[in-house]
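Worksheet for the structure shown next.
Read-outs: derived from the displayed coordinates by stated rules, not from any lab. Here the structure is a predicted model, which is why all the values come from computation and not from measurement. Cβ atoms come from the backbone with ideal geometry, glycine included; neighbour counts cover every protein chain shown.
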């Protein structure tokens, strides 16, 4: 009889350790199919066709702004590349150029961060199409104590910070923070 209570107690303790898991909200994965939204530290190439003096590389600063010749500061944070190009074109039409044709492309995405049970935790450059497994490889691979099946990701989406536990095959986004947990056995 006491053996049964010990077994029930151990089972309850093991199950209570799993209670911290939360399925990621729908918005967590929806961002993977939406157009990329610019954020601080993104490096951009803005091309104004036929205007070589205006075409240049720009960095989105900490306040989410790029400083553009003639028109001054332009809010970039939260905009897609197409929306930013349209905004720059609209401002250039206000007394500077008759019909500007503007293109914006991301040359370098903001970094991602990886912590926990990896060889070299830290900040790394994001490459389009990365998965959590690629990110772990970039950080030198798993440590000997790493849980290798899934990771916790913290992601900012539409101004909201979301957390989710996902398989290592899941894609990541620029700015994500990946946490590799320690395994118990």
Original post:
For Cα extents along the principal axes in Å, the choices are (i) 51, 37, 29; (ii) 88, 30, 24; (iii) 84, 35, 23; which was calculated from the structure?
Top reply: (ii)
**OP:** Taking 7 Å along the Cα-to-C-beta vector as the label spot, tell me the residue 59-residue 105 distance in nanometres, rounded to one decimal.
**Re:** 2.1
Original post:
Between residue 169 and residue 27, how many nm apart are label points set 7 Å from Cα along the C-beta direction?
Top reply: 2.8
Original post:
Between residue 52 and residue 36, what length in nm is gained on full extension when 0.36 nm per residue of separation is reduced by their alpha carbon distance?
Top reply: 3.1 nm
Subject >> Between helix 81-92 and the chain: long-axis angle, C-alpha atoms, 0 to 90°, nearest 10 >> reply: 30
Original post:
Using only helices, what value at 222 nm comes out for the chain when you add -39,500 (n - 2.57) per DSSP H run of length 4 or more and divide by the total residues, to the nearest 500 deg cm²/dmol?
Top reply: -6000 deg cm²/dmol
**OP:** Calculate the length of the line joining the C-alpha centroid of region 170-185 to that of region 90-145, in whole Å.
**Re:** 16
Subject >> GNM flexibility winner over the chain from 87, 105, 30 (Cα, springs under 10 Å) >> reply: 30
Subject >> Crossing angle, helix 2-16 versus the chain [Cα axis fit, 0-90 degrees, rounded to tens] >> reply: 0
**OP:** Compute the length gained on full extension between residue 75 and residue 93: take 0.36 nm times their separation in residues and subtract their Cα-Cα distance, giving the result in nm to one decimal.
**Re:** 4.8 nm
Original post:
By its C-alpha gyration tensor, with a ≥ b ≥ c as the square roots of the eigenvalues, how is region 37-108 shaped: rounded for a/c under 1.5, else prolate for a/b larger than b/c, else oblate?
Top reply: prolate
